[in-house]
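What follows is one structure encoded as structure tokens, with my remarks underneath.
The values are calculated or read from the model by the stated rules, or taken from the named source; none is laboratory data. Only a predicted model underlies this, so the values are computations on that prediction, with no experimental measurement involved. We place every Cβ from the backbone using ideal geometry, glycine too, and count neighbours over all the protein chains shown. Ligands, DNA and RNA are stripped out before the accessible areas are found, and what is left, the full protein with its side chains, is counted by its heavy atoms. Shrake-Rupley method; radii C 1.70, N 1.55, O 1.52, S 1.80 Å.
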Amino acid sequence: MIRKVAVLTSGGDAPGMNAAIRAVTRSGLKMGLEVFGVYDGYRGLCEGKFEKLNRRSVSETIAKGGTILGTTRLPEFEQYETRLLAIEQLENYGIDALVAIGGDGTYRGALALSKMGVKVVTIPASIDNDVGGTDYAIGFETALNTIIEAVDKLRDTSSSHRRCSIIEVMGRNCGELAITSGLAVGAEVVICKELGFNLEDVLENINQASKVKRHAIVIVTEKMVDINELAKAITENTPFESRATILGHVQRGGKPTPHDRVIASLMGAKAVEALLEGQNGVCVCMVDNKIIVRPIEEALQDNRNTVLEKYNKFKMLW
Ligand code: ADP
């Protein structure tokens, strides 16, 4: 029987994590559970940084970006001995189950804990939308909005000056932010892991665009190309002068969109429901617009390439 539940955020932060913490807390309290927040992810779990939460603890957090519980990376958590420290702390506080909010790394840590006997449920949060087993991870839409807002502003000035704007976005291992933002801003070129990079094709597309437009937009994920070199090549080989902008960590912040708040709230409540039903070692997922749970192990092996599917669907627009 579950009486005390702990919640933590881990790995990369994502807007909407607070809405998920709030939902776990409020729905847990409503179901008669005691709820504890764990500060600083798995590190805080090992160090016993727990705080009992009440309704007020999560008041006015739904609209806040970041995570009120903080997050860290703890590579040592891959070691059995480190996880034993976490289990010791959970036992000290008499915690019966843990909700971990984060990405694939967080899922692997949670799975390892569950194999050691801890009851765990995970919730997907990642601005890259690269968490296995779910169509949607909390934070993606907010990050997308941030990118689109920035590109729309760059477009105004690049159109005035007859420029090509190159915008570097996050998502080195998953190009969904790049492809979706490219689609939403009408970019000439998207460069990401799934679509690859070919300079000749890029120049050809931009030269074509220059015949009919006063500006061009290139969206590229980090680590794919040196964007200053790319800007130089575009300036030298097309009618456009090119400027590069790295959006960087601004993409992680900001008020979560209504969609992120709602999905995070539904997922948080689902995590508590799953624990009370006796589920363990499972993750909350959105599949075909339904919030379900499935085994973490299965989710981590899910190799669906939805990014390419999305690209192929809209390819004719590029
Ligand atoms: P994300 O959850 O956003 O993918 P990370 O990949 O950094 O972020 O993972 C977050 C944390 O999860 C790591 O710092 C580590 O503590 C834990 N973790 C990652 N992989 C494993 C693993 N194989 N075993 C145990 N813990 C892991």
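Does V212 fit the bill of being modelled with pLDDT under 95, farther than 20 Å from A150 by Cα, of a type in the set (V, I, T) and in contact with a strand residue (DSSP E or B) (Cβ under 9 Å, 6 or more places away or on another chain)? Taking the combined requirement at face value, the residue does not satisfy it.
The residues of the range 50-59 that are in a helix (DSSP H, G or I) and open to solvent by 30 Å² or more (accessible area, probe 1.4 Å), listed by number, are R55, R56, S57. Where residues in the range 33-49 are assigned to a helix (DSSP H, G or I) and at negative phi, which of them is nearest to the ligand (Cβ to nearest atom)? Within the range 33-49, the match that is nearest to the ligand (Cβ to nearest atom) is Y42.
Against the definition (touching a strand residue (DSSP E or B) at 6+ places or on another chain (Cβ under 9 Å), on the phi > 0 side of the Ramachandran plot and open to solvent by less than 40 Å² (accessible area, probe 1.4 Å)), how does G70 come out, yes or no? In short, yes. Just one of the listed residues (E204, E176, E200) is within 20 Å of Y311 (Cα to Cα) and more than 25 Å from the chain's Cα centre (by Cα), and it is E204. The condition of being open to solvent by less than 20 Å² (accessible area, probe 1.4 Å), within 24 Å of S265 (Cα to Cα) and modelled with pLDDT of 95 or more holds for only one of S165, S126, that being S126. Scanning the range 64-108 for residues being outside any loop (DSSP other than H, G, I, E, B), over 19 Å from V282 (Cβ atoms) and more than 14 Å from the ligand (Cβ to nearest atom) gives a total of 4.
Listed by first and then second residue, the pairs linking a residue in the range 104-128 that is not assigned by TED's automatic domain parsing to the domain that holds I87 to a residue that is of a type in the set (D, E) and more than 10 Å from the ligand (Cβ to nearest atom), with Cβ atoms under 8 Å apart and 6 or more places separating them unless they lie on different chains, form an empty list. Determine if the range 52-62 includes at least one residue that is within 24 Å of D104 (Cα to Cα), within 16 Å of the ligand (Cβ to nearest atom) and over 16 Å from the mean Cα position of the chain (by Cα). Scanning the range 52-62 turns up no residue that is within 24 Å of D104 (Cα to Cα), within 16 Å of the ligand (Cβ to nearest atom) and over 16 Å from the mean Cα position of the chain (by Cα). Looking at V307, V293, which one is surrounded by 13 or more Cβ atoms within 10 Å (Cβ to Cβ), under 19 Å from the mean Cα position of the chain (by Cα) and part of a helix (DSSP H, G or I)? Unique residue meeting the criteria: V307. Name the single residue, out of those in the range 123-135 being among the polar types (S, T, N, Q) and away from the ligand (no atom under 11 Å from the Cβ), that is farthest from the chain's Cα centre (by Cα). So the residue we want is T134. Every residue in the range 109-122 that is closer than 19 Å to L74 by Cβ and either open to solvent by 20 Å² or more (accessible area, probe 1.4 Å) or within 11 Å of the ligand (Cβ to nearest atom) (or both), please. Within the range 109-122, G109, A110, L111, A112, L113, S114, K115, M116, T122 qualify.
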